[in-house]
Amino acid sequence: MSELSEKLFDEILQARQRVYAVGDVTPLQKLNLPGIDAQVYAKREDLGPIKAYKWRGAYNCMAKLTPEQRAGGVVAASAGNHGQGVALAAARLGCKAHIFMPRSTPAVKQNAVRMHGGDHVEIILTGDSYDAASAAAHEFAEAQGLTFVHPYDDLSTMGGQGTLADEVVMSGHGAFDRVYLQIGGGGLASGCACWFRKFWPQCQCIGVEGENQASMKLAVEKGYREALPYVDVFCDGTAVRMAGEHTFELCRDLLDGFVTVSNDEVCQAIRALWNSLRVAPEPSGAMGLAALMQDWDRGRIRPGEKCLVILSGANMDFSQLGVVAGRGGARETNRHLRYLRIPMQTKRGQILKYLENIPEGVQLMDVQFGRTESELQYPVFGVLGTEEQFAEIRTRLAEHGMEAQDVTDDEDVRFRMISYDRVHLSHPVFFGIEFPERPGAFLEFMRAMGEYANLCYFNYRYSGEHVGRALVGLEFASLEDRDACRARAEQLKGTTIQSIHELKDDVRRRVLGSMSPQSC
């Protein structure tokens with residue numbers, strides 16, 4: 001080990017005597033992950049005093065300060081969890097903490113800082129990023145002559161984080177073949193890798209970063225630290241633009257490699273943790289499991305290997321759950337969600353023809369379609385299936401002269417931009433429908449309506465409920481067909497579909513706007 005690593009190891013040894021003044025040992029739990037033939041354990045840092053691991057480093061750092069330093073107060077910058085750790089330490093040690101946070105910090109993390117620190121903390125919201133808040137905090141600390149408590153690039157902070165690894169070693173569940181360590185600035189990865197290297201030399205320590213957050217991997221590859229031009233903040237707990245000075249040296253020497261995960265993979269990992277433990281971590285808290293799942297899918301993990309992931313935090317704003325569910329409800333064993341744009345002729349029954357050819361076992365998750373003036377229409381279908389099923393879809397489409405384009409990563413699909421030419425619709429009616437969330441339910445509805453109408457609009461997304469909800473637009477060749485369809489829709493209530501209602505006049509006017517004469 002390098003001289004810096006030896007110093008960090010000594011810091012962890014000393015931190016063991018301090019951190020348990022404010023928190024207890026957090027447990028390891030085995031995960032049940034269908035389709036993954038490995039022994040996977042999660043270190044439950046979400047069960048700590050601030051629902052994240054950051055209390056360890058913050059308290060260790062502040063407990064080492066002199067009485068004079070604590071009496072003057074401390075300064076910190078945080079996107080959330082480090083601020084809570086500093087607040088908790090300030091309350092326990094009886095000192096004042098000035099905590100600078102980005103203006104975009106979720107309310108749940110701001111409120112938690114106030115709850116843990118009470119009158120001992122002052123929150124200063126400034127800037128739109130951690131970097132901006134950190135710069136303001138450093139300027140304030142220097143101007144006031146106060147101590148800055150660094151969230152990661154300080155041996156005292158890293159020493160506190162390393163107590164997490166000490167608990168793993170002492171748990172009796174090791175040794176582990178692989179450990180996955182989230183990296184923002186690198187404090188957690190440095191502290192844990194240092195400890196694991198000492199006690200389990202054969203253990204692979206793998207750093208995990210998010211896409212558009214991989215500043216540590218970039219630094220190691222280039223041999224020097226460099227600021228990223230852009231940082232994605234979906235995983236806000238690891239959104240750091242440039243690796244720390246000390247953590248860069250330590251991660252370079254102690255880590256065996258890096259895995260970069262996408263936001264969708266993180267959401268899928270959150271879903272897996274919910275299914276296994278009934279916990280919903282914040283995005284950065286699930287990054288380790290996201291990396292493990294990626295490695296398993298790509299054949300990097302041998303069957304039976306013992307692996308460790310860190311569930312590093314669970315301070316997610318409740319409103320973010322909807323985004324996570326929408327992006328993470330799609331991975332089941334070897335099934336994946338893909339969005340397919342399929343060109344179809346502008347005539348009755350084309351979408352119905354596609355729906356009838358979906359292979360058994362494939363789940364329809366999303367439909368985005370609006371009829372345009374073009375001779376070809378371009379509906380988008382989100383389908384959940386295996387690679388073999390996607391191959392079967394392509395074969396069946398080819399038999400009908402159709403070819404699917406994979407638009408999974410297209411932004412218009414991501415943001416559900418459903419366009420249609422309203423002036424070309426003939427006698428349209430828009431229905432809100434609910435149907436049993438089972439294979440073929442909507443197909444039954446379309447078959448019943450198909451003799452009267454042509455589908456001109458369809459907006460549906462799987463929500464995980466027992467019923468599916470969709471906004472459906474139908475157009476008709478004549479007013480007689482339209483009236484007959486309305487009567488048929490009433491007959492279907494409680495049978496093929498659970499409920500159906502036509503849009504109110506004021507809503508219909510907003511949806512359709514001004515119509516051409518032939519459409520009135």
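The values are calculated or read from the model by the stated rules, or taken from the named source; none is laboratory data. All of these numbers come straight from a predicted model, not from anything done at the bench. For neighbour counting, all protein chains shown are included, and Cβ atoms are generated from backbone atoms with ideal geometry for every residue, glycine included. Side chains are part of the model used for accessible areas, which takes the heavy atoms of the whole protein and leaves out ligands, DNA and RNA. Shrake-Rupley method; radii C 1.70, N 1.55, O 1.52, S 1.80 Å.
For (1) within 26 Å of the chain's Cα centre (by Cα); (2) in a helix (DSSP H, G or I); (3) modelled with pLDDT of 95 or more, each residue gets a yes or a no:
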position: Gly191; (1), (2), (3): yes, yes, yes
position: Cys205; (1), (2), (3): yes, no, yes
position: Met216; (1), (2), (3): yes, yes, yes
position: Asp232; (1), (2), (3): yes, no, no
position: Gly237; (1), (2), (3): yes, yes, no
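Within segment 354-396, being at pLDDT below 85, open to solvent by less than 30 Å² (accessible area, probe 1.4 Å) and assigned to a helix (DSSP H, G or I) holds for Tyr354, Leu355. Among the residues of segment 140-176, those that are assigned to a helix (DSSP H, G or I), touching a residue at least 24 places away in the same chain (Cβ under 8 Å), farther than 24 Å from Asp256 by Cβ and open to solvent by 10 Å² or more (accessible area, probe 1.4 Å) comprise Phe140, Gln144, Ser156. The residues listed here are Ala193, Ala137, Ala239; of these, the one that is in contact (Cβ under 8 Å) with a residue 12 or more places away in the chain and either open to solvent by 20 Å² or more (accessible area, probe 1.4 Å) or closer than 30 Å to Arg327 by Cα (or both) is Ala239.
Of the residues making up segment 285-301, just one is among the basic types (Lys, Arg) and modelled with pLDDT under 95, namely Arg298. Contact map, segment 247-275: residues that are of a type in the set (Ser, Thr, Tyr) paired with residues that are open to solvent by 10 Å² or more (accessible area, probe 1.4 Å), Cβ distance under 9 Å, separation 6+ or inter-chain. Pairs shown: Thr247/Tyr152; Thr247/Asp153; Thr260/Glu211; Thr260/Ala214; Thr260/Lys217; Thr260/Gln294; Ser262/Glu211; Ser262/Gln294. What residue, among those in segment 2-34 that are under 18 Å from Phe196 (Cβ atoms) and of a type in the set (Ser, Thr, Tyr), is nearest to the chain's Cα centre (by Cα)? By that ranking, first place goes to Thr26.
Just one of the numbered conditions (1) outside any helix (DSSP H, G or I); (2) surrounded by 17 or more Cβ atoms within 10 Å (Cβ to Cβ) is not true of Glu226: (2).
Scanning segment 450-461 for residues that are surrounded by 20 or more Cβ atoms within 10 Å (Cβ to Cβ) and of a type outside the set (Gly, Ala, Ser) yields Tyr452, Asn454, Leu455, Cys456, Tyr457, Phe458, Tyr460.
Scan segment 177-186 and tell me whether some residue there is acidic (Asp, Glu), in a helix (DSSP H, G or I) and either modelled with pLDDT of 95 or more or within 28 Å of the chain's Cα centre (by Cα) (or both). No, segment 177-186 contains no residue that is acidic (Asp, Glu), in a helix (DSSP H, G or I) and either modelled with pLDDT of 95 or more or within 28 Å of the chain's Cα centre (by Cα) (or both). Here Gln14 clears all of (1) touching a Gly at 6+ places or on another chain (Cβ under 7 Å); (2) closer than 22 Å to Gln182 by Cα; (3) open to solvent by 50 Å² or more (accessible area, probe 1.4 Å) except the condition numbered (2). Within segment 39-80, being farther than 20 Å from Ala141 by Cα, in a helix (DSSP H, G or I) and open to solvent by 10 Å² or more (accessible area, probe 1.4 Å) holds for Asp46, Leu47.
Taken together, the residues in segment 242-267 that are part of a helix (DSSP H, G or I) and in contact with a strand residue (DSSP E or B) (Cβ under 8 Å, 6 or more places away or on another chain) amount to 4.
Scanning segment 51-98 for residues that are under 19 Å from Met316 (Cα atoms) and more than 30 Å from the chain's Cα centre (by Cα) yields a total of 0.
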